[in-house]
Amino acid sequence: MEWRGIPTKYLMDMAKPRGSYVMAVGIDGYTTNLPLNALLEETTIIAYAMNGKILPREHGFPLRLVVPSRYGWKSAKYLSELIVMDSNEPGYWELLGYHDNGDPWLEERFSEGEPVTMRRRVRIVR
């Protein structure tokens, strides 16, 4: 895939966030957590195009967070906001036992221990 977008490092440099973690939130209510340093990596972007065309709906139109250094569930589709947090909070898949960091090179697929009982996060966007 060839992605085109805005580097999150550029946005974070402008925003000067004061936390250590980020929650990526999709328009559909999907959430995933990341350490802030994952957004400061040169390869992490907020994509608006893929393979030379505007991002198709099935791949996250209008915006998708693309984090090449993490497993796919960390690249939130339909991105609506990035929330900077002081402490870590699990997102959708992390509540079901997926690893908080999700580094494929370290094979961080699942967290240690039992999955946390999922609480549904629903937000109505008007």
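All of the numbers you see were taken from the coordinates with simple rules; none came from a lab. From a predicted model like this one, the values you see are computed outputs, not experimental measurements. Cβ sites come from the backbone with ideal geometry, for glycine too, and all protein chains shown count toward neighbours.
For the reader, a short list of remarks on this structure follows.
- Within a straight-line Cα-Cα reach of under 21 Å, Lys77 can be paired with the following lysines, leaving aside sequence neighbours fewer than 8 residues apart in one chain: Lys9, Lys53.
- Theoretical FRET efficiency, 1/(1+(r/R0)^6), r = Cβ-Cβ of Leu40 and Leu96, R0 30 Å, to 0.05: 0.65
- Spatial offset of the stretch 44-114 relative to the stretch 13-42 amounts to 9 Å, using the alpha carbon center of each.
- Radius 14 Å from Cβ of Asn51, net charge of other residues (Lys, Arg +1; Asp, Glu -1): +1
- Estimated FRET transfer efficiency (Glu58, Ser87; beta-carbon r; R0 35 Å; 0.05): 0.55
- Efficiency of FRET between Ser20 and Ala49 - r from beta-carbon atoms, R0 22 angstrom, step 0.05: 0.15
- Mean residue ellipticity (222 nm) of the chain, computed from DSSP H runs ≥ 4 via -39,500 (n - 2.57), nearest 500: -2500 deg cm²/dmol
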